[in-house]
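The values are calculated or read from the model by the stated rules, or taken from the named source; none is laboratory data. Everything numeric here is computed off the predicted structure, so don't read it as measured data. Cβ sites come from the backbone with ideal geometry, for glycine too, and all protein chains shown count toward neighbours. Surface areas here come from the heavy atoms of the whole protein model, side chains and all, with no ligands, DNA or RNA. Shrake-Rupley method; radii C 1.70, N 1.55, O 1.52, S 1.80 Å.
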Amino acid sequence: MDTDCPSRTVVEVLANKWVLYVLGSLREHDGPMRFNQLGRALPGVTQKMLTQTLRTLERDGLVSRKVYPTVPPRVEYGLTPLGNEAALLTVAIGEWALSHVGQILAAREAFAAAASADPRPLG
């Protein structure tokens with residue numbers, strides 16, 4: 001957990017919600033996707049955020065970018081072997097979230113009820 005540890009930067013990348021969603025979408029699609037396909041698969045992502053996320057993933061070797069010499073240029077993004085391995089983490093997180101969403105929502109409701117009954121600040 002040292003601030004100088006290189007693994008910390010990798011964890012920071014993987015902890016980004018759009019990174020998880022992009023990796024998951026590319027894995028689910030099971031093949032390369034075009035930019036607009038990814039955008040449609042990820043409601044709520046802005047073009048700017050998707051561009052930044054894809055660049056980060058390409059920089060880190062998790063996503064490959066292939067440009068076809070057409071007019072207009074066609075660009076496809078796909079998982080590298082390293083990215084496919086990382087995408088397995090998104091599957092595990094997604095399955096865990098689906099299995100436990102009821103418990104988490106109930107805990108949130110209980111927390112909100114307790115907080116409204118006790119107006120003291122937390123901490």
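For this structure, a couple of remarks:
- To put it simply, the accessible area of segment 83-123 at a 1.4 Å probe is 67 percent carbon and sulfur.
- For the options R40, R108, R65, a Gaussian network treatment of the chain with springs between C-alpha atoms closer than 10 Å singles out R108 as fluctuating the most.
- Candidates A110, A97, A41, ranked by Gaussian network fluctuation over the chain, Cα under 10 Å, top entry: A110
- Here segment 1-51 is treated with +1 on each Lys and Arg Cβ and -1 on each Asp and Glu Cβ, and its dipole about the Cα centre works out to around 320 debye.
- With kT/(6 pi eta Rh) evaluated at 10 °C and eta = 1.306 mPa s, and Rh the Kirkwood radius from Cα pairs, segment 27-92 diffuses with a coefficient of 128 µm²/s according to Stokes-Einstein.
- The mean of 1/r over all pairs of different alpha-carbon atoms in segment 11-123, once inverted, gives a Kirkwood hydrodynamic radius of 16.1 Å.
- Over the chain, accessible surface divided per residue gives 73 Å², non-protein components excluded, 1.4 Å probe.
- Theoretical ellipticity at 222 nm over the chain - DSSP helices of four or more residues, -39500 (n - 2.57) apiece, nearest 500: -21000 deg cm²/dmol
- Taking the Cα centre of segment 1-94 as reference, the dipole from Cβ charges on Lys and Arg (+1) and Asp and Glu (-1) amounts to some 480 debye.
- Between S99, S25, S64, the GNM of the chain built on Cα springs shorter than 10 angstrom shows S99 fluctuating the most.
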